[in-house]
Amino acid sequence: MFEFYHKRVKKYERQLFTILLALIVFAFVFSGVGTGPGPSDPESKEYAVETPSVKLTRPEFDNLLYRWDRSGLEVGNFLFQLISEHGTALYPGDRMLPYQLFGQFADSGVKRRVAVDVAVLLGAATDAGIRVSDREVEQRIKESFGRQGGYDDDKYHSMLKDLEIEATDYEKTVREYLAVRKYLTFLDTAVAAPTEDVLNVFMKTHGRAKGKFIFWDDVAFRKEAEGKVGAHEIAAYLDAAQNYSEFRRAERIRLEYLNISIEDLKAGLPEPTAAEITEYYAGHKEDFRFPVYGPPLPPPEFLTPMAAPPDAVSIEVAPVPRYKTEEEAKSEIVDKIRTAKAQERAGESVNRILEAAFNLKLEGNNHPDLAVLAREFGLTPATTESFSVEDTEAVEALLGKPQPGRTNWTTFLGFKPETAPILEIRTDKSRLLARLAEKTPAERYLFTSHIRSLAVKRVASNTASRITSQKAQAFVTEFKKRFDAAYAAKLAVGTPTDEELAVLRFDTFSALAIERKLTVKETKLVTRQEDIPDVSDDRPFAAELFNLEAKGDARHADGNSGQYVIQLVDKRPPDPDVFVAKRAQLEQSVLAERVGKFVTESLAQYKKDNCRIAVVIER
């Protein structure tokens with residue numbers, strides 16, 4: 001080849017080639033190829049999360065997040081399961097966190113935050129010598145996947161296929177999950193609940209108190225307020241509350257769509273062969289298992305266990321599972337096979353149409369006409385009636401209910417008709433290709449007698465709440481003013497004792513209530529957890545009662561349907577006998593709080609001393 005080149009190529013071309021070759025060699029030499037630390041050298045890697053024992057590059061961290069997010073053992077993904085079990089210790093006070101990891105409220109930023117902590121916990125677990133054997137992983141998987149009908153290897157791999165995760169990745173994630181759980185359990189065992197702390201919590205939460213109270217009921221003032229509501233108040237309320245569902249017509253959409261009906265496709269399919277039916281039955285036999293029902297319970301008088309003779313032997317016989325025969329299940333199998341084939345054909349049609357739409361987009365047609373696509377593929381375009389995503393009963397009766405976790409009606413609210421894409425919707429009836437045709441913004445209903453009546457009641461309710469609050473606050477203010485005057489008079493002749501001050505407060509409170517013709521009620525001795533007669537808001541009421549320190553002191557407290565003024569009559573320590581019964585429960589409460597503090601502090605210190613984290617968390 002080079003001999004041919006030297007003979008045929010002109011001299012200046014050989015010189016140019018030589019210069020280019022020299023430049024290439026020069027660039028390779030000075031770029032460090034083959035010398036010094038390169039991408040294959042671990043020291044040159046940039047890690048997303050780095051601990052002494054676990055180092056994850058950005059792709060490896062993304063893979064960890066994907067694996068933990070995609071798969072789980074029981075309910076939800078691994079992130080959700082970890083937080084459900086240990087969230088109170090890892091993130092004390094963050095009660096919404098589990099809901100941000102799974103389901104409709106899932107938050108990608110929260111997922112990355114938890115995945116970082118998972119990586120850190122894996123490092124800490126490895127440093128602590130935590131190991132998970134292959135046997136533990138296998139046993140945990142079989143326990144989880146064998147809950148209904150026993151473990152089946154084909155079913156296991158089929159479920160992993162649905163989760164879009166390889167078996168090796170799934171088993172690696174189970175191993176990591178078990179290691180993190182072991183480590184957190186190890187931390188839990190390092191914490192104890194001292195008796196002194198348990199006793200302090202008992203004294204604080206199980207003390208007893210008695211109080212007097214006056215209640216201003218909103219209802220008593222609401223009727224009067226309704227007669228004084230003016231037109232300007234109604235208008236102001238409706239303007240402020242225009243997004244309330246009672247006063248607005250929700251945002252509405254109209255879709256144009258192509259409907260690939262599963263039932264229509266099934267009707268055109270041939271009958272499955274005997275071989276197909278036999279193969280399906282063999283691979284899905286568990287689907288045709290008869291449920292096992294236990295015998296009915298005897299009458300209650302026969303449920304008391306009787307002592308067995310010393311030589312009695314108890315033998316537990318597991319029920320033998322029963323299955324429908326292939327012939328008994330034939331009609332179900334035929335329907336399932338035809339449905340699967342129809343779904344497959346529908347998917348092929350959807351893919352062809354979307355590909356045609358994409359090709360049109362490449363040609364400059366960013367908004368292809370669905371009618372043109374319909375003619376090309378032998379379909380009939382249609383349009384829905386205008387509907388609200390808050391009321392989809394009519395459209396779902398026609399087209400079916402969208403499958404969870406996929407494109408649904410709400411998705412279309414994020415687009416404008418002129419730029420909306422064609423989206424696939426999978427329902428229980430069809431495979432749809434739909435596009436937003438029209439969007440009507442939310443608007444306030446016309447001013448009707450019903451709206452006026454509702455608004456009057458709302459304005460009057462707010463007015464009544466404001467009136468009762470003002471009356472309760474005015475009573476407390478006047479009570480304190482009169483007590484201060486009486487206390488000053490007492491001081492003029494000497495320093496009063498605590499008991500004398502308590503009597504002074506009681507007298508002032510009673511005199512003011514009588515003067516204003518208010519009813520004063522008295523509670524019994526109650527704990528914070530007890531129901532209090534005549535008090536509908538007993539939990540917040542009890543909290544305010546126990547916040548009072550001096551006998552006879554009074555304060556204002558909000559209720560759900562009115563306002564209270566509460567006066568402390570007596571406060572006593574808990575009943576000592578109750579401590580014995582409540583001790584175990586209190587110890588668990590104290591232990592949970594101490595474990596949470598210990599785990600969060602330990603994790604924070606480990607991060608600070610041993611970790612380097614370069615993951616950006618979206619807020």
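The values are calculated or read from the model by the stated rules, or taken from the named source; none is laboratory data. Everything numeric here is computed off the predicted structure, so don't read it as measured data. Positions of Cβ are backbone-derived with ideal geometry, glycine not excepted, and every protein chain shown enters the neighbour counts. With ligands, DNA and RNA removed, areas are computed over all heavy atoms of the protein, side chains included. Shrake-Rupley method; radii C 1.70, N 1.55, O 1.52, S 1.80 Å.
A few remarks follow.
- Strands (runs of 3 or more DSSP E) wholly inside the range 336-443 containing at least 1 residues that are aliphatic (A, V, I, L, M) and over 31 Å from the mean Cα position of the chain (by Cα): 381-383, 430-440
- Condition broken by residue 293, with the remaining ones in (1) of a type outside the set (Gly, Ala, Ser); (2) within 41 Å of the chain's Cα centre (by Cα); (3) modelled with pLDDT of 50 or more satisfied: (3)
- Per this entry, residue 424 is counted among residues that are in contact with a strand residue (DSSP E or B) (Cβ under 8 Å, 6 or more places away or on another chain), among the acidic types (Asp, Glu) and surrounded by 15 or more Cβ atoms within 10 Å (Cβ to Cβ).
- Scanning the range 341-360 for residues that are without any contact (Cβ under 8 Å) to a residue 24 or more places away in the chain and surrounded by 13 or more Cβ atoms within 10 Å (Cβ to Cβ) returns 356, 360.
- Conditions (1) assigned to a loop (DSSP other than H, G, I, E, B); (2) touching a Ser or Thr at 6+ places or on another chain (Cβ under 6 Å): number failed by residue 191: (2)
- Sole residue being assigned to a helix (DSSP H, G or I), touching a His at 6+ places or on another chain (Cβ under 7 Å) and among the aliphatic types (A, V, I, L, M), chosen from 184, 238: 184
- Cβ-Cβ under 8 Å pairs, at least 6 apart or on other chains, the range 427-441 side without any contact (Cβ under 8 Å) to a residue 60 or more places away in the chain, far side open to solvent by less than 10 Å² (accessible area, probe 1.4 Å): 427/399; 427/400; 428/400
- In the range 529-546, the residue that is modelled with the lowest pLDDT out of those that are surrounded by fewer than 17 Cβ atoms within 10 Å (Cβ to Cβ) and under 34 Å from the mean Cα position of the chain (by Cα) is 529.
- Residue, surrounded by the most Cβ atoms within 10 Å (Cβ to Cβ), within the range 117-132, restricted to residues that are β-branched (Val, Ile, Thr) and touching an Asp or Glu at 6+ places or on another chain (Cβ under 9 Å): 118
- Boolean, residue 203 is of a type in the set (A, V, I, L, M), under 29 Å from residue 138 (Cβ atoms) and either under 28 Å from the mean Cα position of the chain (by Cα) or part of a helix (DSSP H, G or I) (or both): no
- Residue satisfying condition, being open to solvent by less than 100 Å² (accessible area, probe 1.4 Å) and out of contact with any Cys (no Cβ under 6 Å at 6 or more places or on another chain), within set 380, 410: 410
- First in the range 485-508 and on the phi < 0 side of the Ramachandran plot and assigned to a helix (DSSP H, G or I), second anywhere and open to solvent by less than 60 Å² (accessible area, probe 1.4 Å) and among the polar types (S, T, N, Q), Cβ under 7 Å, 6 or more apart: 486/508
- Just one of the listed residues (523, 519) is over 34 Å from the mean Cα position of the chain (by Cα), among the polar types (S, T, N, Q) and farther than 22 Å from residue 499 by Cα, namely 519.
- Boolean, residue 253 is touching a Leu at 6+ places or on another chain (Cβ under 7 Å) and crowded, with 18+ Cβ neighbours inside 10 Å: yes
- Pairs where the first residue, in the range 322-335, is open to solvent by 70 Å² or more (accessible area, probe 1.4 Å) and the second is part of a loop (DSSP other than H, G, I, E, B), C-beta under 6 Å, 6+ apart: 322/290
- Residue list for the range 46-99, restricted to those being open to solvent by less than 50 Å² (accessible area, probe 1.4 Å) and either at pLDDT below 75 or of a type in the set (Gly, Ala, Ser) (or both): 48, 71, 72, 73, 76, 87, 89, 97, 98
- For residue 179: the one exception among (1) open to solvent by 60 Å² or more (accessible area, probe 1.4 Å); (2) under 24 Å from residue 82 (Cβ atoms): (1)
- Taking every residue in the range 176-188 that is touching a residue at least 24 places away in the same chain (Cβ under 8 Å) and of a type in the set (Val, Ile, Thr) and pairing it with any residue that is open to solvent by 50 Å² or more (accessible area, probe 1.4 Å) and not in a helix (DSSP H, G or I), at least 6 positions away or on another chain, yields no pair with a Cβ-Cβ distance below 9 Å.
- Residues that are open to solvent by 70 Å² or more (accessible area, probe 1.4 Å), at pLDDT below 80 and either of a type outside the set (Lys, Arg) or more than 15 Å from residue 72 (Cα to Cα) (or both) within the range 133-151 comprise 143, 148, 151, listed in sequence order.
- Residue in the range 561-570 that is loosely packed, with under 13 Cβ neighbours inside 10 Å, touching a residue at least 24 places away in the same chain (Cβ under 8 Å) and of a type outside the set (Ser, Thr, Tyr) present: yes
- Matching option when the condition is out of contact with any Lys or Arg (no Cβ under 6 Å at 6 or more places or on another chain) and surrounded by 12 or more Cβ atoms within 10 Å (Cβ to Cβ), among 416, 401: 401
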